[in-house]
Amino acid sequence: MKLANEQANETTNYRVWDKPSRLFHWINVLLVLSLVFVGLLMLFRRDLGITGLEAKIKLKELHVVIGYLFAANLLFRILWGFIGSHFARFANNIPSFSAIKGYKSALDRGENPQYIGHNPIGKLAVFVIMLTLTVMLVTGLFRAGTDIYYPPFGHAVAEYIAQDGVDASSIKPYDETGVDKQKLDEVKPYKSVAGQVHLYGAYFLLLLILFHVIAVIQAERKHQPGIISAMFSGIKRITGPTQDKE
Ligand code: HEM
């Protein structure tokens with residue numbers, strides 16, 4: 001391990017992103033893009049000429065199946081945030097507004113502080129992205145349960161809205177056969193709130209993704225060459241002292 005003042009101007013390769021973090025990142029990119037794509041198909045299906053109840057439900061089922069993969073990947077990353085290597089741990093990535101202020105002042109003074117892990121602005125971005133992904137996960141699973149009675153909450157919802165004596169597994173999405181209308185109406189406001197948060201969460205996430213990509217390209221070109229390749233190789237090549245240590 002090298003400390004900042006020992007490094008002068010030598011160039012060092014630092015192991016930063018471990019394999020599980022990199023795998024999570026790229027699998028997450030693929031799954032989020034797929035979820036956005038199917039989500040947009042669901043939203044604009046009529047304009048695209050996709051009609052009929054069966055097609056509507058099939059699109060939702062496809063979105064939810066991809067959603068489960070997304071959920072498994074995100075839950076793994078959350079676990080890895082507690083047990084993974086140094087830079088993967090949430091405890092080492094807590095955003096700090098005073099650190100952001102310090103980083104921005106250093107940039108304004110024409111300095112170019114280097115970080116092995118995320119720089120202070122990167123830490124804030126990752127925090128907001130992870131939080132938004134978690135909101136999408138929770139509202140998505142809730143919506144899957146209340147909308148098409150899919151796990152993990154679907155069976156409980158179907159049991160709640162089924163008329164007395166009706167088997168919950170016979171309750172079908174968008175079909176009121178065997179459904180207690182009053183109980184269905186009780187569930188609707190919760191379903192609607194989760195749906196709104198999920199929809200606006202998706203738009204917010206798209207903005208975050210755009211901002212993230214622009215910021216990473218900007219940082220790569222202006223301040224921290226090599227940050228993009230590090231998300232493939234796991235290694236950052238840095239010349240001079242670093243603000244953080246391995
Ligand atoms: C980053 C992850 C996700 C994104 C970007 C995303 C995006 C979207 C979008 C754009 C819609 C259309 C909104 C609407 O119809 O009102 C939607 C709907 C839906 N999503 Fe997701 N989603 C994500 C994760 C999930 C997950 C993890 C699940 C569950 C496993 C899920 C389940 C659903 C369901 C059931 C709907 C249909 C809601 C309805 O038609 O009312 N989503 N999602």
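The values are calculated or read from the model by the stated rules, or taken from the named source; none is laboratory data. Bear in mind that the values here come from a model prediction, so they are computed numbers and not experimental data. Note: ideal-geometry Cβ built from the backbone for every residue, glycine included; neighbour counts use all protein chains shown.
Can F142 be described as outside any loop (DSSP other than H, G, I, E, B), modelled with pLDDT of 95 or more, farther than 26 Å from A202 by Cβ and in contact with a Phe, Trp or Tyr (Cβ under 7 Å, 6 or more places away or on another chain)?
Details: outside any loop (DSSP other than H, G, I, E, B): yes; modelled with pLDDT of 95 or more: yes; farther than 26 Å from A202 by Cβ: no; in contact with a Phe, Trp or Tyr (Cβ under 7 Å, 6 or more places away or on another chain): yes.
Spelling it out, it is not the case that F142 is outside any loop (DSSP other than H, G, I, E, B), modelled with pLDDT of 95 or more, farther than 26 Å from A202 by Cβ and in contact with a Phe, Trp or Tyr (Cβ under 7 Å, 6 or more places away or on another chain).
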(message) So for region 177-198 (the condition being within 14 Å of the chain's Cα centre (by Cα) and either assigned to a loop (DSSP other than H, G, I, E, B) or modelled with pLDDT of 95 or more (or both)), does at least one residue qualify?
(response) yes
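Listed here are the residues, each with its yes/no results for (1) within 10 Å of the ligand (Cβ to nearest atom); (2) in contact with a helix residue (DSSP H, G or I) (Cβ under 7 Å, 6 or more places away or on another chain); (3) in a helix (DSSP H, G or I).
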| site | (1), (2), (3) |
| --- | --- |
| V38 | yes, yes, yes |
| G49 | no, no, no |
| H63 | yes, yes, yes |
| F76 | no, yes, yes |
(message) I need every pair where a residue in region 147-174 that is closer than 15 Å to V187 by Cα and at pLDDT 95 or above has its Cβ under 7 Å from the Cβ of a residue that is among the basic types (K, R) and surrounded by 12 or more Cβ atoms within 10 Å (Cβ to Cβ), sequence separation at least 6 or different chains.
(response) D147/K60; D147/K191; I148/K60; Y160/K183; I161/K183
(request) With the checklist (1) within 30 Å of K245 (Cα to Cα); (2) in a helix (DSSP H, G or I) in hand, flag the one item V135 doesn't pass. (result) (1)
(message) Take the conditions on the phi < 0 side of the Ramachandran plot and in contact with a strand residue (DSSP E or B) (Cβ under 8 Å, 6 or more places away or on another chain) and apply them to Q218. Does it pass?
(response) no
(request) Go through region 116-162 residue by residue and tally those that are hydroxyl-bearing (S, T, Y) and farther than 16 Å from S192 by Cα. (result) 4
(message) Could you list, ordered by first residue, the pairs with Cβ atoms under 7 Å in which the first is in region 89-109 and under 15 Å from L124 (Cβ atoms) and the second is among the polar types (S, T, N, Q), at least 6 apart or interchain?
(response) Y103/N119
